[in-house]
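Quick notes on the structure that follows.
The values are calculated or read from the model by the stated rules, or taken from the named source; none is laboratory data. None of the values given here were measured: they were computed from a predicted structure. Please note: Cβ atoms are built from the backbone with ideal geometry, for glycine as well, and neighbour counts cover all protein chains shown. The area values use the complete protein model at the heavy-atom level, side chains included, leaving out ligands, DNA and RNA. Shrake-Rupley method; radii C 1.70, N 1.55, O 1.52, S 1.80 Å.
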Amino acid sequence: LHEWGYRTHKLIKLYIDLFGGNNIYIITNGIQGWIEYSLYSASQLFNTLNQGKDDKDQINYFDEMYKLIKMHHVKIISSQYSYSNFYPNDPKKWKECTFIDCA
């Protein structure tokens, strides 16, 4: 869990450093808010798994990712939320339309 969080955080930070947060879009077919909720849940799980461990220097990268995304105004877009009413049962079309919107 820690390794995955570290690598994902590092990638998001790299993209923010290269392109700026305002130029980054996280596009999902999941429901609106699921990425934030998933980061919160992973953060809580990380804290639970590390409770009572001597290594207090381990960084909760899930919490750090959330802060990074918010601080740099990275846009998180749910294609499902935006387009499922227009194209029911067609997640490929939801994402295609969202990419067009962001281009």
(request) Roll a 1.4 Å probe over the protein heavy atoms and report the accessible area of ILE59 in Å², nearest 10. (result) 80
(request) Keeping all protein chains in position, work out how much accessible area PHE86 exposes to a 1.4 Å probe, and write it in Å² to the nearest 10. (result) 150
(request) May I ask you to give the solvent-accessible area per residue for the chain, in square angstrom, as obtained with a 1.4 angstrom probe? (result) 70
(request) Between beta-carbons, use under 13 Å as the cut-off and find the net charge around ILE26, counting Lys and Arg +1, Asp and Glu -1. (result) +2
(message) Cross-link candidates for LYS75: which lysines have Cα within less than 30 Å, leaving aside residues fewer than 8 places away along the same chain?
(response) LYS10, LYS13, LYS67, LYS92, LYS93, LYS95
(message) Just to make sure I understand: if all protein chains stay in place, what is the order of ASP90, ASP17 by accessible area at 1.4 Å, largest first?
(response) ASP17, ASP90
(request) Report the calculated FRET efficiency for TYR15 and LYS93 (r = Cβ-Cβ distance, R0 = 30 Å), to the nearest 0.05. (result) 0.70
(message) Can you give me the % of accessible surface on the chain that is carbon or sulfur? Probe 1.4 Å, all protein chains present, nothing else counted.
(response) 56
(message) Loop by DSSP (not H, G, I, E, B), at most 13 other beta-carbon atoms within 10 Å: where is the longest site-free stretch of the chain for trypsin sites (Lys or Arg not before Pro)?
(response) 1-52
